[in-house]
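Take a look at the structure below.
Please treat every number below as a calculation from the coordinates, not as lab data. These numbers come from a predicted model, not from an experiment. Ideal geometry is used to build each Cβ from the backbone, glycine not excepted, and the neighbour counts take in all protein chains shown.
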Amino acid sequence: MLRIWDVSEETLVSNDLSGLFKLSLLTTLVQLSPIMFLSWLPRNAEELDNLNQSGHSGSRLGGTVFLLVAFCSLAYILIVGTLNIVSPRWAGGSR
């Protein structure tokens, strides 16, 4: 991940876990970031109806792109996870 912190095998074997801790902290914060956008959601059914009638919703292209990205991401995760289990060295890793 941009080599911000050293999390190489040699560093981890030498018992230096500072980079791993910082990387874990960063990924945890990134996972929590959608909380910032909760205020953008409609608060009740009336706000949702107003949004639907305003003309700012219902984009067929936007929905298609969203679903395409979501399903391709899920497929990628399933394929990589399966390959990691079936053939652990498929990506050229050591050992």
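Quick notes
- Summed over region 8-28, the residues that are surrounded by fewer than 10 Cβ atoms within 10 Å (Cβ to Cβ) and either hydrophobic (A, V, I, L, M, F, W, C) or at positive phi (or both) give a count of 2.
- Residue count for region 29-57 satisfying the condition of being surrounded by 10 or more Cβ atoms within 10 Å (Cβ to Cβ) and either among the β-branched types (Val, Ile, Thr) or part of a loop (DSSP other than H, G, I, E, B) (or both): 2.
- Residue 20 satisfies every condition listed in (1) of a type outside the set (Asp, Glu); (2) outside any helix (DSSP H, G or I); (3) in contact with a helix residue (DSSP H, G or I) (Cβ under 9 Å, 6 or more places away or on another chain) except (2).
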